[in-house]
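First up is the structure itself, then whatever we jot down about it.
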Amino acid sequence: METTAATSEASTAQPAPPESPVEIVKSVCRSCHGGCGVNLHVQDGRLVKVEGDRASPLNHGRLCPIGTSTIDLVYHPDRLKYPLRRTGPRGGGQWERISWDEALGEIARRLQAIKDEHGAEAIAMGTGTGRHHIRWVSRFGHALGTPNWCEPGFAQCFHPRINTMLQTFGEFPVNDFTSGTKPACILYWGHNPLNSGPDGETRFVVRESLVGKPRTIVVDPRRTQLAAEADIWLQLRPGTDDALALAMLHVVIEEKLYDEAFVREWTHGFEQLAERVRERTPEWAEPITWVSADKIRAAARLYAATRPSMMEWGCAIEHTPNCIQTVRAISMLPALTGNVDVPGGWVFGMKGLGRFPSLIENLSPEMNAKRLGADRFKMLGGEGADLPAAHIPTLVQAMRTGKPYPVKAFMVFGNNTLTTFGNAKEAHEGLMNLDLLVVADLFMTPTAELADIVLPAASWPELDQLAGLPTIAANVVLAQRRAVRVGECKSDEEIFVELARKMNLPVGTEDVDVVLQDLLARGGSGVNLQELREKGFHDMPMRFHKYKDKGFKTPTGKIELYSTRLEAMGYDPLPYYEEPPESPLATPEVAQDFPLVLTSGARIPFFFNSEHRQIRALRRAYPNPIMELHPQTAAAHGIKHGDWVWIETLRGKIQQKAKVTEGIDPRVVHVEHGWWFPEDKSPDHGVWRSNANVLTRNGPPYDPAMGTYHLRGLLCRIARVEPGEG
């Protein structure tokens with residue numbers, strides 16, 4: 001009887017509707033700015049699968065934990081999906097939904113009123129690190145007429161290297177990860193690419209470069225996986241990279257380990273450099289860096305003797321006020337050893353994309369001169385900058401005090417300012433003092449909670465863009481394509497175009513695709529936009545020794561060890577050592593109360609700076625902020641592994657969970673940056689609890705050329721968080 005009933009039911013059931021076809025959209029992951037090729041599977045207008053593109057030369061089908069969580073990002077229930085206007089006090093968490101027309105209309109009116117009363121320079125633009133829209137932020141600012149745009153990395157991460165290399169080499173060198181030649185030696189300096197992999201030098205191509213078992217040297221205060229497996233680990237005191245580099249240069253020159261023919265023909269100022277480093281022996285560097293003289297010599301000899309050698313450097317070298325000369329000193333190791341534009345070494349780009357049209361020509365010389373910090377920091381905001389930007393501490397001062405002139409409006413795109421600006425308390429004071437704060441983001445962040453108007457930004461699978469990677473070099477050109485739409489979200493680029501049209505600006509009103517087509521046409525790829533979107537990427541054939549055609553793009557036509565451009569700008573033409581302004585040596589009186597050296601900035605493989613902490617799978621993998629300290633230090637303070645710990649500097653106090661490890665010097669502690677707590681529903685989302693930038697400083701002295709301030713190598717003290725505290 002049961003069988004009959006089942007048969008009868010089956011015979012009358014309606015056939016299941018056929019499944020909708022799945023469309024595969026070629027794109028590039030931008031959950032960080034690594035650039036991994038992806039295939040986006042779309043069904044019925046919804047993203048159903050994200051997989052790595054096996055053909056991509058930057059990831060060969062692999063994705064990191066962040067990339068594999070893309071669907072959770074796109075369809076997260078807390079995504080901002082429509083514009084919001086603040087209805088209560090700033091930071092009070094009271095909002096009303098408005099239309100895009102209302103939002104852009106109000107922004108346009110208020111910007112114009114500020115421009116009319118105070119001048120365009122009273123409007124500032126802000127953005128986060130190197131994503132699809134970063135150049136569009138400055139483009140809109142220039143179209144609007146303001147010289148004041150900023151991004152935390154421009155003085156503290158990557159752009160010091162870009163601007164310094166343009167002065168020294170004439171171009172920005174990147175590592176040759178894609179030609180097929182494996183390096184025989186890799187020097188990792190202040191960089192752990194296994195956890196980050198920025199700008200096209202993804203963690204996957206880094207791992208592939210290790211397959212050939214190259215000799216490795218790691219410069220890092222922490223025993224990372226790379227450091228643990230290195231031939232030589234140089235565990236330096238945070239902030240003393242310049243002293244270490246000068247000592248290594250001393251060894252290379254004193255022991256004649258350099259490439260004599262290359263140095264003679266293709267460098268300028270070798271004799272002056274040799275004289276500068278003559279007294280900078282490893283014995284001189286040892287008490288400064290805490291690295292033994294023997295290890296310094298061994299590292300210099302290994303790097304110089306093993307070719308081709310690759311230099312993998314990171315933003316750790318850009319966190320002290322001697323930033324530019326630190327970068328210069330380190331860059332001279334590849335120059336002296338001839339590892340420049342060679343297979344398996346440093347190479348110059350093939351420029352598959354043209355130069356982005358920043359519209360800076362829209363600014364008059366008088367307006368350019370008003371850029372905050374341009375009069376002092378010429379390599380950040382003036383003639384030595386590839387793309388001039390405002391000096392963030394000076395910008396925050398202008399918000400807070402009206403000096404040197406008032407900044408009344410700040411428009412922030414893809415940046416959580418309270419977690420990414422040094423000295424977060426001063427940044428908060430500046431934001432609270434504004435007449436207009438506009439924030440475009442994926443989620444309601446602590447910074448967005450302070451805004452007057454919040455705009456819902458599209459995530460990377462929701463927009464069209466191009467990426468030339470590695471950045472500046474553009475050896476691989478990739479098409480980022482819109483696969484889906486969520487709510488009323490718009491790409492940052494679309495917002496800029498619509499706002500420029502709303503304000504009747506004379507420039508910056510072109511459709512996004514028009515700009516992208518022009519960008520591609522002015523590059524050397526030879527492909528059009530439609531072809532690129534269909535394939536997903538174009539890998540440029542690599543040429544080496546390009547400098548032999550027309551020399552290096554410097555005034556002398558050579559790598560300028562002695563920089564004529566720096567000299568012309570009034571800066572020292574040779575690298576030198578400078579003790580960080582707050583340190584055991586520079587401020588022993590502070591060290592009496594704050595005896596430990598604080599370092600920060602190590603990347604977490606499950607997050608990108610301050611992003612992704614609301615993604616459930618990623619937070620399960622990494623639920624809490626972690627500080628590292630040595631067992632001796634822990635014992636002296638009564639701290640056990642897993643305890644919550646207070647970390648305090650002259651600026652403020654935060655707490656993070658203890659990781660007791662022998663992989664850090666007993667005199668040093670490390671804290672993680674970028675922390676806030678989206679699950680905390682208060683308007684500040686716990687941003688003051690564990691945010692490393694509560695501890696950092698943004699005051700002078702600054703790097704004289706770049707305006708870089710002191711983020712690493714500060715002084716701190718620690719204590720166990722007692723029950724009931726916090």
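The convex hull of the Cα atoms of the stretch 546-693, projected and averaged over all directions, covers 14.4 nm².
Between K535 and L210, what's the calculated FRET efficiency when r is the beta-carbon distance and R0 is 30 Å? Round to 0.05. Efficiency, from the Cβ-Cβ distance: 0.55.
Charge dipole (Cα centre; +1 on Lys/Arg Cβ, -1 on Asp/Glu Cβ; no other charges) of the stretch 560-661 amounts to roughly 1060 debye.
Between K550 and K81, the modelled label-to-label distance comes to 5.3 nm, taking each label 7 Å out from Cα in the direction of the beta carbon. Ordering A120, V218, A457 by the projection of their Cα atoms onto the charge dipole of the chain, which places +1 on the Cβ of Lys and Arg and -1 on the Cβ of Asp and Glu, puts V218 at the extreme positive end.
What you get for the stretch 115-233, charging only the Cβ of Lys and Arg (+1) and of Asp and Glu (-1), is a dipole of about 400 debye around the Cα centre. Label the chain by shape, choosing from rounded, prolate and oblate, from the square roots a ≥ b ≥ c of the eigenvalues of the Cα gyration tensor; if a/c is under 1.5 it is rounded, and otherwise prolate applies when a/b is larger than b/c, oblate when it is not. Because its axes are fairly even, with a/c under 1.5, the chain counts as rounded. The Cα center of the stretch 627-679 and the Cα center of the stretch 254-295 differ in position by 36 Å. About its Cα centre, the chain has a charge dipole of approximately 380 debye under the convention of +1 per Lys or Arg Cβ and -1 per Asp or Glu Cβ, with nothing else charged. Shown here: the stretch 388-480, whose C-alpha atoms stretch 45, 28, 20 Å along the first, second and third principal axes, sorted largest to smallest.
Ordering H142, A617, L111 by the projection of their Cα atoms onto the charge dipole of the chain, which places +1 on the Cβ of Lys and Arg and -1 on the Cβ of Asp and Glu, puts A617 at the extreme positive end. Entry comment: accessible area of the chain is 36 Å² per residue, from protein heavy atoms only and a probe of 1.4 Å. Run down the lysines and flag those whose C-alpha is under 30 Å from the C-alpha of K653, throwing out any fewer than 8 positions away in its chain. Leaving aside lysines fewer than 8 places away in the same chain, those within reach of K653 are K403, K408, K425, K640, K681. If you add up the charges near P595, with Lys and Arg at +1 and Asp and Glu at -1, over every other residue whose beta carbon is less than 14 angstrom from its beta carbon, what do you get? Result for the local shell: -2.
Pairs of Lys residues in the stretch 470-564, spaced 8 or more positions apart or belonging to different chains, with C-alpha separations under 21 angstrom: 4 in total. Taking the three principal axes of the alpha carbon atoms in the stretch 108-259, the coordinate ranges are 62, 34, 30 Å, sorted in descending order. Residues within the reach of a label modelled at Q112 (point 7 angstrom out along Cα to beta-carbon, backbone nitrogen below 19 Å), restricted to the stretch 486-527, are 495-510. Sorting 585-597, 147-159 by average packing, meaning the other beta carbons within 10 Å per residue, from highest down gives 147-159, 585-597.
With the helix formula -39500 (n - 2.57) applied to DSSP H stretches of n ≥ 4, the chain reaches a computed 222 nm mean residue ellipticity of -8500 deg cm²/dmol.
On the chain, 49 percent of the accessible area sits on carbon and sulfur atoms, based on a 1.4 Å probe.
The values are calculated or read from the model by the stated rules, or taken from the named source; none is laboratory data. Treat the numbers as computed from the prediction; the structure is a model and nothing was measured. Here Cβ is always computed from backbone atoms with ideal geometry, including for glycine, and neighbour counts include all displayed protein chains. Just so you know, the surface numbers come from the protein's heavy atoms only, side chains and all, with ligands and any DNA or RNA stripped out. Shrake-Rupley method; radii C 1.70, N 1.55, O 1.52, S 1.80 Å.
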